[in-house]
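The structure under discussion appears below in the form of structure tokens.
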Amino acid sequence: MTDQISFPDAVQWAVPFFIAAILAEFLWIAVKGKGGRYETRDAVTSLIMGAGNIASGFLLGFIAYAFFMWLWQITPMNLGTSIPVIILCFVLDDLRYYWVHRFGHRIRWVWASHVNHHSSQHYNLTTALRQTWTYTFTFMMVVRAPLILLGFHPAMVLFVGGLNLIYQFWIHTEAIGKMPRWFEAVMNTPSHHRAHHGRNARYLDCNYAGVFIIWDK
């Protein structure tokens, strides 16, 4: 089974958008005087943690990729790389993310890695960059195994995973209120995710979705 398939690093391509959006949100809050708050040390910490996440990916990413390629060699399935297959992979990978995120809140070993994402005192776009450096050690890579065994190439699985992370960036804000009702019913939004980051007892451990809120519903 061929492994000569490559996809772009979607997250790397999105970095200029991340920077522009953070600046736009900061200016919006400064001008309007509402929609969240920025605090220098908190924002810098988030940026450093985001950089550390990228560095850990470079240093340890080969472990997960080697595991995925081993699975690819033993699976008899190959769904190809057509647009419908990529879309299906994206949807199923979001279901994969839902379970990884749920495990991250319900299993202490995984929570020890995920908790830093919830450590900010503020809720703005820099919070989205507050990512773990120790994901590899949670062994949550195994949750991606079914996708590869079903015939989705590892490079495609990682590509749609990057798109998933890009989508989740914009929902880490207080500057956007409720989206249209139909959108809120299907997609994860800032209002849904603000509840996920809330400290109120009634909202703890809710809304694990990445892109589609339907998994929670």
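The values are calculated or read from the model by the stated rules, or taken from the named source; none is laboratory data. As the structure is a computational prediction, the values presented were derived from the model and not from experiment. Methodologically, a virtual Cβ is constructed for each residue, glycine included, from the backbone with ideal geometry; neighbour enumeration extends over all protein chains shown.
Yes/no per residue for (1) of a type in the set (S, T, Y); (2) under 26 Å from Q12 (Cα atoms); (3) at pLDDT 95 or above:
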site: Y167; (1), (2), (3): yes, yes, yes
site: W170; (1), (2), (3): no, yes, yes
site: I176; (1), (2), (3): no, yes, yes
site: E184; (1), (2), (3): no, no, yes
site: M187; (1), (2), (3): no, yes, yes
site: H193; (1), (2), (3): no, yes, yes
site: G198; (1), (2), (3): no, no, no
site: A201; (1), (2), (3): no, no, no
site: L204; (1), (2), (3): no, no, no
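Could you list, in sequence order, all residues of the range 156-197 that are outside any helix (DSSP H, G or I) and either out of contact with any Phe, Trp or Tyr (no Cβ under 7 Å at 6 or more places or on another chain) or acidic (D, E) (or both)?
If the condition is that a residue be outside any helix (DSSP H, G or I) and either out of contact with any Phe, Trp or Tyr (no Cβ under 7 Å at 6 or more places or on another chain) or acidic (D, E) (or both), then W170, I171, T173, E174, I176, G177, K178, M179, P180 are the ones that fit.
Please go through the range 145-155 and give me each residue that is buried (at least 18 other Cβ atoms within 10 Å of the Cβ), in a helix (DSSP H, G or I) and either in contact with a Leu (Cβ under 9 Å, 6 or more places away or on another chain) or among the charged types (D, E, K, R) (or both), ordered by number.
Matches in the range 145-155: L147, I148, P154.
Is there any pair with a first residue in the range 73-84 that is among the hydroxyl-bearing types (S, T, Y) and a second that is modelled with pLDDT of 95 or more and assigned to a loop (DSSP other than H, G, I, E, B) whose Cβ atoms are under 7 Å apart and which are 6 or more apart or on different chains, and what are they?
Here the result reads T75/G151; T81/H153, each pair linking the range 73-84 to a residue that is modelled with pLDDT of 95 or more and assigned to a loop (DSSP other than H, G, I, E, B).
Among (1) among the aromatic types (F, W, Y); (2) within 17 Å of the chain's Cα centre (by Cα); (3) crowded, with 20+ Cβ neighbours inside 10 Å, which single condition is W72 missing?
Going through the list (1) among the aromatic types (F, W, Y); (2) within 17 Å of the chain's Cα centre (by Cα); (3) crowded, with 20+ Cβ neighbours inside 10 Å, W72 breaks only (2).
All but one of (1) surrounded by 13 or more Cβ atoms within 10 Å (Cβ to Cβ); (2) of a type outside the set (S, T, Y); (3) assigned to a loop (DSSP other than H, G, I, E, B) hold for D205; state the number of the condition that does not hold.
Checking D205 against (1) surrounded by 13 or more Cβ atoms within 10 Å (Cβ to Cβ); (2) of a type outside the set (S, T, Y); (3) assigned to a loop (DSSP other than H, G, I, E, B), the one that fails is (1).
Check T45, T75, T40 and return the single one that is among the polar types (S, T, N, Q) and touching a helix residue (DSSP H, G or I) at 6+ places or on another chain (Cβ under 6 Å).
Result of the check over T45, T75, T40: T75.
Can you say whether V186 is hydrophobic (A, V, I, L, M, F, W, C) and without any contact (Cβ under 8 Å) to a residue 40 or more places away in the chain, as far as the supplied structure shows?
Judged against the criteria, V186 is a match.
Look through the range 1-40, keep the residues that are among the polar types (S, T, N, Q) and under 23 Å from the mean Cα position of the chain (by Cα), and return whichever of them is nearest to R194 (Cα to Cα).
This residue is Q12.
So which of G80, G104, G36 ends up being part of a loop (DSSP other than H, G, I, E, B) and buried (at least 17 other Cβ atoms within 10 Å of the Cβ)?
Exactly one of G80, G104, G36 is part of a loop (DSSP other than H, G, I, E, B) and buried (at least 17 other Cβ atoms within 10 Å of the Cβ), namely G36.
Can you list residue pairs whose Cβ atoms sit under 8 Å apart, with the first residue in the range 27-46 being closer than 22 Å to T132 by Cβ and the second being surrounded by 13 or more Cβ atoms within 10 Å (Cβ to Cβ) and of a type in the set (K, R)? Count only pairs 6 or more apart in sequence or on different chains.
T45/R130; S46/R130
Let's see how each residue does on (1) out of contact with any strand residue (DSSP E or B) (no Cβ under 7 Å at 6 or more places or on another chain); (2) closer than 25 Å to S113 by Cα; (3) at pLDDT 95 or above; (4) of a type in the set (A, V, I, L, M):
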position: F17; (1), (2), (3), (4): yes, no, yes, no
position: A24; (1), (2), (3), (4): yes, no, yes, yes
position: K32; (1), (2), (3), (4): yes, no, no, no
position: Y38; (1), (2), (3), (4): yes, yes, yes, no
position: I48; (1), (2), (3), (4): yes, yes, yes, yes
position: I63; (1), (2), (3), (4): yes, yes, yes, yes
position: F67; (1), (2), (3), (4): yes, yes, yes, no
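Would you point out the residue of the range 126-144, among those that are among the polar types (S, T, N, Q) and not in a helix (DSSP H, G or I), that is surrounded by the fewest Cβ atoms within 10 Å (Cβ to Cβ)?
So, considering only residues that are among the polar types (S, T, N, Q) and not in a helix (DSSP H, G or I), the one surrounded by the fewest Cβ atoms within 10 Å (Cβ to Cβ) is T134.
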